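Notes for the one structure printed next.
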Amino acid sequence: MSKTDPDSDDLDISMTAQELHILSELDSRQYGYLQLNEPENAKKKALVQKAIKYLQLMVVQARKQQKEQNENEPHNFQIKQISIDPKTWVKLGHFHLLLEEYRKALSAYQMFYRTQADNHWQNISFLYGLGLVYFHFKAYQ
């Protein structure tokens, strides 16, 4: 993964295979056990923050492509949707949850729910993460 965006503050996101492996193992189940704000986890926290930036950049670029495509197509043709993999939203929610950014985690989890309304219940780590966020906001219904 490597992206640079001239509009951002020298954003260079490149990750090694080992970093990607570490990120692939992180999800909501580590909440409470993996304390990213502790000094011994500073490297892992930086890696999670880097991954969030990358995923957010992917979302922005996909939406930008969709907007450009909509502007270039005549209105009487059906426009092909550019889709973002629903797993992107779940992973983004997990990363925000691990960083204790509950509002951002809830937003990402809700995007996953919207895109996977029929089978969201099959993703256990999503349900657990969403439950933790609801618990944080004392939304017990």
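Points worth noting:
- Whenever a residue of region 116-136 is closer than 16 Å to Pro86 by Cα and without any contact (Cβ under 8 Å) to a residue 60 or more places away in the chain, its partners that are among the aromatic types (Phe, Trp, Tyr) and surrounded by fewer than 16 Cβ atoms within 10 Å (Cβ to Cβ), lying with C-beta atoms within less than 7 angstrom and at least six residues away or across chains, give the pairs Leu127/Trp121.
- Scan of region 130-141 for residues that are among the hydroxyl-bearing types (Ser, Thr, Tyr) and either surrounded by 13 or more Cβ atoms within 10 Å (Cβ to Cβ) or part of a helix (DSSP H, G or I) (or both), ordered by number: Tyr134
- A search for C-beta distances below 8 Å between a residue of region 26-51 that is more than 16 Å from Val133 (Cβ to Cβ) and any residue that is outside any helix (DSSP H, G or I) and basic (Lys, Arg), counting only pairs 6+ apart in sequence or on different chains, returns nothing.
- Residue in region 100-129 that is surrounded by the most Cβ atoms within 10 Å (Cβ to Cβ), counting only those that are outside any loop (DSSP other than H, G, I, E, B) and in contact with a Pro (Cβ under 6 Å, 6 or more places away or on another chain): Phe112
- Being assigned to a loop (DSSP other than H, G, I, E, B), at pLDDT below 95 and either surrounded by 16 or more Cβ atoms within 10 Å (Cβ to Cβ) or among the basic types (Lys, Arg) (or both) is a property that holds for Lys80.
- Exactly one residue out of Leu97, Leu57 is part of a helix (DSSP H, G or I), in contact with a Ser or Thr (Cβ under 7 Å, 6 or more places away or on another chain), of a type outside the set (Lys, Arg) and at negative phi, and it is Leu97.
- Matching residues, region 16-54, being more than 14 Å from the chain's Cα centre (by Cα), within 12 Å of Leu99 (Cβ to Cβ) and not in a helix (DSSP H, G or I): Tyr31, Leu34, Gln35, Leu36, Asn37
- For Phe137: the one exception among (1) under 15 Å from the mean Cα position of the chain (by Cα); (2) at pLDDT 95 or above: (1)
- Criterion: in contact with a strand residue (DSSP E or B) (Cβ under 7 Å, 6 or more places away or on another chain) and of a type in the set (A, V, I, L, M) - qualifying residue of Leu132, Leu97, Leu127, Leu57: Leu57
- Residue in region 60-68 that is more than 21 Å from Lys44 (Cα to Cα), modelled with pLDDT under 95 and surrounded by 18 or more Cβ atoms within 10 Å (Cβ to Cβ) present: no
- Checking every residue in region 50-69 against the condition of being closer than 21 Å to Phe137 by Cα and not charged (D, E, K, R) gives zero matches.
- Residue that is modelled with the highest pLDDT, among those in region 83-108 that are polar (S, T, N, Q) and either in contact with a Phe, Trp or Tyr (Cβ under 6 Å, 6 or more places away or on another chain) or more than 16 Å from Tyr54 (Cβ to Cβ) (or both): Ser107
The values are calculated or read from the model by the stated rules, or taken from the named source; none is laboratory data. This is a predicted model, so every value here is computed, not measured. Neighbour counts run over all protein chains shown; Cβ positions are idealised from the backbone, glycine included.
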